[in-house]
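Colleague: Sharing a structure, written as structure tokens. Questions coming.
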Amino acid sequence: MSGHESEPGTNYLTNGHGLRSWLLTLDHKRIGILYLLGVSFYFLLGGIFAMLVRLELLTPAGDLLTPDSYNRAFTAHGVMMIFFFLLPAIPGIFGNFVLPIMIGARDVAFPRLNLLSWYLFMTGAGLAMVSLIAGGVDTGWTFYTPYSSTFATTAVIPVGLGIFINGFSGILTGVNFMVTVHRMRAPGMTWFRLPLFVWSQYATALIQVLGTPVLAITLVLLVLERAFNLGVFDPAKGGDPVLFQHLFWFYSHPAVYIMILPSMGVISELVTCFSRKKIFGYGFVAMSSVAIAVLGFLVWGHHMFVSGQSVYAGMVFSILSYLVAVPSAIKVFNWTATLYRGSIAYQTPLLYALGFIGLFTIGGLTGLFLANLGVDVHLHDTYFVVGHFHYIMVGGAIMGYLGGIHFWWPKISGRMYPEGWARFSALVLFVGFNLTFFPQFVLGYLGMPRRYHAYPEEFQVLNVLSSAGASILAVGYIIPLIYLIWSMRYGKPAPANPWGAAGLEWQTPSPPPSYNFEQTPVVTEEPYVYSHEEAEVV
Amino acid sequence: MKLSILPEQASSLAAEVDRLTWFLIGMSTFFTVLIAVMVVGFALRYRRRDPESVGSRFDNSAPLEITWTVIPLLIVLFTFFWGAKVYFDLYKVPADTATFYVTGKRWMWKIQHPTGQREINELRVPLGQPVRLLMTSEDVIHSFYVPAFRTKSDVLPGRYTSIWFRPTRTGTFHLFCTEYCGAEHSRMIGSVHVMEPDDYQQWLASVAVPVLPATDGRELFADLGCANCHRAESDARGPSLNGLYGRQVELVGGARVRADETYLRESILSPARRVVAGYQPVMPSYRGQLSEERMIALIEYIKSLEANPTRVASAEDAVRP
């Protein structure tokens, strides 16, 4: 068993060599690295499909790819980015690596289950990827019936099975993290002394455990319908294709909160550290994560306002969708207030955090357009929606992800990354991102539909701007890939606490030993204590 | 190359939708700028000058939390109510609106005017008059979208969905399929032509219509044997269809349903699903025997049957266009 018996003077990276010690590891930190490798691969692959899409859209005519190839390209992009990058990334990498250390634990509650989660991810993702590339799927990542169940001639079943298997990875991770937080906190680490990253991971785990099984069932029904013509989604047999949409979105809406909540948790860590100030409104920020997780299960019908769903159902879903926006707004205001009268250093993680706050605000506000019944009729299934979710997922979730990568990189690798290049690429990303996705809001209101291979000429200028932005965005992602790999060999060795941050993970060496702590820490004070003055009471 | 920011407003509701959008844009811009100014401002103002300095202990304020919870809540509630009202207007069809039939099929739009004229991928409508589109799909889910009218609806197999609009400007406007439907999804497009009423009438007259849909339907009603059961006599095996359209129908089991086009269609294809109270479930299904065009003809005929005909209903009844 490899994981916690340690050679003296080793850290988790050097304690045990060879492929077996990695592929059979039970150390949460090594499993985090395994996830890092896996999701990075799928991020790059998903990005290649995005480049194909944006290249095609440079011209109004469908002249680069055949319609079938284009449809497979945008499907592959969506499936890989959502299921094999955004969903597993922060829980799999930082949830695994950092969460146990943050609570003063030696590992997660179920280390073997943790390793199994990674294998389920790799197996499911691998099956789906091979099918996406070999056969291809052209249904979009949303797999709407009856196209996907009756008419598509592509590899829907193997891709569906791959996603199904991958879902169990998330369920097991969710169970693991919940039990870990309940049962393995160090003495003195009460619930309201937990770092906010832990709160957000806990809320995420709730969604993973309760929501993912619905996706599993939906995919099973789809596969059975396709293989045996059951008729669940076929009106000729008394079924209803819109039922698929209800089932699919019942999971897939909460899924977007699985993708954003962990990132929000990262932002809380970054903002407090780089302001050297306790996060403003700790209790409100913690509870807002839970509120988002709960309310997030009640809004799925806002994807279906024009689906033939009843007008009254639409009203219920719209008002609930507006309510779920409020906790996110509370977070944004609390992060902003944390900066007020802080002591702010402009290191790269903070730049990503500030980028997140701006871009997530825009993305969230455009969500209010889509939650609005009167306006969504016009905007549904247009590029406005594409712009909205990319602002949240790329401008939000990925910025948080990169901020976390830079923040915890010294801890994970024992090396500092080059600060100059890191700041530069953060800037490149911010510019490239806005150029890529802001024009899409305009395109959407002008009426350009989603998933169009060819489009009317009057939409070309905005598409060219968007594609130009995408090439800049690509550069912004490639630069960190290069310097992070470079830093593993040539980066300055990192001290235990390069940022002067509060939090138990900074009490361990960089990189930590396999067993995390020599002695179980005892927690005696509130989190994020930077100043030793009396708290101001307002 | 043209560069425009808003599509044309060509329907009676387009301006209202745009007004709501401008409010959302204004509100969003205000909050984005507010947050950006604060974030950048604080980052500059509170820059760490001394490497040892830490932030203050101002990290908690119930009044502030309540303020920035309640104000966003009020704003979103206001936005919700305004949007719900516009949504209602978008989907509530005014009385006496002419019904056009639309059939979506991979990858074209088939349109039929109330008086039977047919078009493919083009929809001609008269200026200033409300139009209702009753839509169904022959295969997968499509979506009928006219950006200039600010309205759309998904188009489903097995049932009817509808939108309505009143055109306020002549011209030619984009029609897009906007629910992904396979290989040629981006070519399932067309045009809506809004014409002066006289030009529209001229166009109608210029297109040959072999027979009015309802007349065609009357023949089908006889040919398919519907008249054998659906008669006005009290001992008939099926309920009379006179005046049925638009009425509330009581079903076996006590439920009630409004006899709209979807109900009529369902009763023809899956008659056992909703049986009229007082009758046996003996009606056979006509699934597979009716194209969408013939379904429309039958439905139009049934819609034309008056509640109290001046004489006993028969196949010779004059049919209202």
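Colleague: Taking the criterion of being away from chain A (no Cβ under 14 Å), of a type in the set (S, T, Y), touching a His at 6+ places or on another chain (Cβ under 9 Å) and assigned to a loop (DSSP other than H, G, I, E, B), would at least one residue in segment B:163-175 satisfy it?
Modeller: yes
Colleague: Follow-up. Just the residues that are within 14 Å of another protein chain (Cβ to nearest Cβ) and surrounded by 13 or more Cβ atoms within 10 Å (Cβ to Cβ), please, taken from segment A:488-528. Don't jump to the end; show me each part of the working.
Modeller: The first filter runs over segment A:488-528 and keeps only residues within 14 Å of another protein chain (Cβ to nearest Cβ), leaving A:497-502, A:525-528.
Matches in segment A:488-528: A:N497, A:P498, A:W499, A:G500, A:A501, A:A502, A:E526, A:P527, A:Y528.
Colleague: Whether any residue in segment B:83-90 is touching a residue at least 12 places away in the same chain (Cβ under 8 Å), surrounded by fewer than 17 Cβ atoms within 10 Å (Cβ to Cβ) and out of contact with any His (no Cβ under 7 Å at 6 or more places or on another chain) is what I want to check.
Modeller: Yes; the residues of segment B:83-90 include at least one that is touching a residue at least 12 places away in the same chain (Cβ under 8 Å), surrounded by fewer than 17 Cβ atoms within 10 Å (Cβ to Cβ) and out of contact with any His (no Cβ under 7 Å at 6 or more places or on another chain).
Colleague: Could I ask something else about it? Of all residues in segment B:142-154 being facing chain A (nearest Cβ under 9 Å) and part of a strand (DSSP E or B), which is surrounded by the fewest Cβ atoms within 10 Å (Cβ to Cβ)?
Modeller: Checking each candidate, the answer is B:T151.
Colleague: Hey, among the residues in segment A:396-425 that are of a type in the set (A, V, I, L, M) and more than 14 Å from chain B (Cβ to nearest Cβ), which one's surrounded by the fewest Cβ atoms within 10 Å (Cβ to Cβ)?
Modeller: Step by step, filter segment A:396-425, then rank; the result is A:M416.
Colleague: Same structure, new question: Residue by residue through segment A:369-424, note down the ones that are within 19 Å of A:W506 (Cβ to Cβ), among the aliphatic types (A, V, I, L, M) and in contact with a strand residue (DSSP E or B) (Cβ under 8 Å, 6 or more places away or on another chain).
Modeller: A:M416
Colleague: Let me ask something else about it. Going by what's in this entry, would B:R49 be described as touching an Asp or Glu at 6+ places or on another chain (Cβ under 7 Å), open to solvent by 20 Å² or more (accessible area, probe 1.4 Å) and more than 7 Å from chain A (Cβ to nearest Cβ)? Spell out the reasoning first.
Modeller: Numbers: touching an Asp or Glu at 6+ places or on another chain (Cβ under 7 Å): no; open to solvent by 20 Å² or more (accessible area, probe 1.4 Å): yes; more than 7 Å from chain A (Cβ to nearest Cβ): yes.
Considered against the rule, which asks whether it is touching an Asp or Glu at 6+ places or on another chain (Cβ under 7 Å), open to solvent by 20 Å² or more (accessible area, probe 1.4 Å) and more than 7 Å from chain A (Cβ to nearest Cβ), B:R49 comes out as no.
Colleague: Regarding segment A:194-210, can at least one residue be identified that is touching a residue at least 60 places away in the same chain (Cβ under 8 Å), outside any loop (DSSP other than H, G, I, E, B), within 14 Å of chain B (Cβ to nearest Cβ) and open to solvent by 10 Å² or more (accessible area, probe 1.4 Å)?
Modeller: no
Colleague: From the list B:R265, B:R247, B:R231, B:R218, pick out the single residue that is more than 22 Å from B:Y101 (Cβ to Cβ) and either free of Cβ contacts under 8 Å to residues at least 40 places away in the same chain or not hydroxyl-bearing (S, T, Y) (or both).
Modeller: Just one listed residue meets the conditions, B:R231.
Colleague: List pairs: first in segment A:326-347 and more than 7 Å from chain B (Cβ to nearest Cβ) and closer than 25 Å to A:W409 by Cβ, second open to solvent by 10 Å² or more (accessible area, probe 1.4 Å) and part of a helix (DSSP H, G or I), Cβ under 7 Å, 6+ apart or cross-chain?
Modeller: Note: pairs meeting the criteria are A:Q347/A:E419.
Colleague: Further question: Can you name the residue in segment A:432-459 that is assigned to a loop (DSSP other than H, G, I, E, B) and in contact (Cβ under 8 Å) with a residue 12 or more places away in the chain and, of all such residues, is farthest from A:A73 (Cα to Cα)?
Modeller: A:G447
Colleague: Mind listing just one residue for me: the one in segment B:59-76 that is facing another protein chain (nearest Cβ under 7 Å) and open to solvent by less than 50 Å² (accessible area, probe 1.4 Å) and, of those, farthest from B:M27 (Cα to Cα)?
Modeller: B:D59
Colleague: OK, next. Give segment A:239-262 a look and list any residue that's touching a Phe, Trp or Tyr at 6+ places or on another chain (Cβ under 6 Å) and crowded, with 24+ Cβ neighbours inside 10 Å, or say none.
Modeller: A:P241, A:F244, A:P254
Colleague: Assuming B:S56 fulfils every condition listed in (1) under 25 Å from A:T272 (Cα atoms); (2) among the polar types (S, T, N, Q); (3) in a helix (DSSP H, G or I) apart from one, which condition is it?
Modeller: (3)
Colleague: With the condition kept exactly as written, say whether any residue in segment A:146-159 is farther than 30 Å from B:E138 by Cα and buried (at least 24 other Cβ atoms within 10 Å of the Cβ). Quick ask: steps written out before the conclusion?
Modeller: Of the residues in segment A:146-159, the ones farther than 30 Å from B:E138 by Cα are none.
No; the residues of segment A:146-159 include none that is farther than 30 Å from B:E138 by Cα and buried (at least 24 other Cβ atoms within 10 Å of the Cβ).
Colleague: Mind checking which pairs have a first residue in segment A:31-42 that is small (G, A, S) and a second that is open to solvent by 30 Å² or more (accessible area, probe 1.4 Å) and part of a helix (DSSP H, G or I), Cβ under 6 Å, 6 or more apart or different chains?
Modeller: Listed by first residue and then by second, the contacts come to A:G38/A:M122.
Colleague: Got at least one residue in segment B:89-109 being facing chain A (nearest Cβ under 9 Å) and touching a Lys or Arg at 6+ places or on another chain (Cβ under 8 Å)?
Modeller: yes
Colleague: Related question: Please report, ordered by residue number, the strands (runs of 3 or more DSSP E) entirely within segment B:189-280 with at least 3 residues that are within 14 Å of another protein chain (Cβ to nearest Cβ).
Modeller: Where strands (runs of 3 or more DSSP E) fall fully within segment B:189-280 and carry at least 3 residues being within 14 Å of another protein chain (Cβ to nearest Cβ), they are B:189-195.
Let's see how each residue does on (1) modelled with pLDDT under 95; (2) more than 15 Å from the chain's Cα centre (by Cα):
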site	(1), (2)
B:V70	no, yes
B:W82	no, yes
B:Y91	yes, no
B:L133	no, no
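Colleague: Does segment B:1-49 hold any residues that are among the charged types (D, E, K, R) and over 30 Å from B:E196 (Cα atoms), and which are they?
Modeller: Those that are among the charged types (D, E, K, R) and over 30 Å from B:E196 (Cα atoms): B:R45, B:R47, B:R48, B:R49.
Colleague: Let me ask you something else. When you check A:G140 against the structure, is it open to solvent by 20 Å² or more (accessible area, probe 1.4 Å), within 23 Å of B:H185 (Cβ to Cβ) and in contact (Cβ under 8 Å) with a residue 12 or more places away in the chain, yes or no?
Modeller: no
Colleague: Filtering segment B:84-140 down to residues that are assigned to a loop (DSSP other than H, G, I, E, B) and among the polar types (S, T, N, Q), which residue is nearest to B:L156 (Cα to Cα)?
Modeller: Within segment B:84-140, the match that is nearest to B:L156 (Cα to Cα) is B:N121.
Colleague: Taking the residues in segment B:14-28 that are facing chain A (nearest Cβ under 9 Å) and either free of Cβ contacts under 8 Å to residues at least 24 places away in the same chain or touching a strand residue (DSSP E or B) at 6+ places or on another chain (Cβ under 9 Å) (or both) as candidates, determine which candidate is most open to solvent (accessible area, probe 1.4 Å).
Modeller: The selected residue is B:I25.
Colleague: If you scan segment A:319-340, which residues turn out to be among the small types (G, A, S) and over 24 Å from the mean Cα position of the chain (by Cα)?
Modeller: Within segment A:319-340, just A:A337 meets the criteria.
Colleague: So, one more: Within segment B:187-208, is even one residue closer than 19 Å to B:V276 by Cβ and open to solvent by 80 Å² or more (accessible area, probe 1.4 Å)? Break it down into steps so the answer makes sense when it comes.
Modeller: In the first step, residues of segment B:187-208 are kept if they are closer than 19 Å to B:V276 by Cβ; the result is none.
The answer is no; no qualifying residue exists.
Colleague: Quick check on segment A:324-341. Is at least one of its residues in a loop (DSSP other than H, G, I, E, B) and over 12 Å from B:P72 (Cβ atoms)?
Modeller: yes
Colleague: Tell me which residues, restricted to segment A:270-310, are open to solvent by 10 Å² or more (accessible area, probe 1.4 Å) and within 23 Å of the chain's Cα centre (by Cα).
Modeller: At the first step, the residues of segment A:270-310 found to be open to solvent by 10 Å² or more (accessible area, probe 1.4 Å) are A:276, A:278, A:282-284, A:287, A:290-291, A:294-295, A:297-298, A:300, A:302-303, A:308-310.
Matches in segment A:270-310: A:Y282, A:F284, A:M287, A:V290, A:A291, A:V294, A:L295, A:F297, A:L298, A:W300, A:H302, A:H303.
Colleague: Also, quick follow-up: Just to be sure before I move on: is B:L134 more than 7 Å from chain A (Cβ to nearest Cβ) and touching a helix residue (DSSP H, G or I) at 6+ places or on another chain (Cβ under 8 Å) in the structure I sent?
Modeller: It is true that B:L134 is more than 7 Å from chain A (Cβ to nearest Cβ) and touching a helix residue (DSSP H, G or I) at 6+ places or on another chain (Cβ under 8 Å).
The values are calculated or read from the model by the stated rules, or taken from the named source; none is laboratory data. Keep in mind that what you see is a predicted model, and the values were worked out from it rather than measured. Using ideal geometry, Cβ is built from the backbone for each residue, glycine included, and neighbour counts are taken over all protein chains shown. With ligands, DNA and RNA removed, areas are computed over all heavy atoms of the protein, side chains included. Shrake-Rupley method; radii C 1.70, N 1.55, O 1.52, S 1.80 Å.
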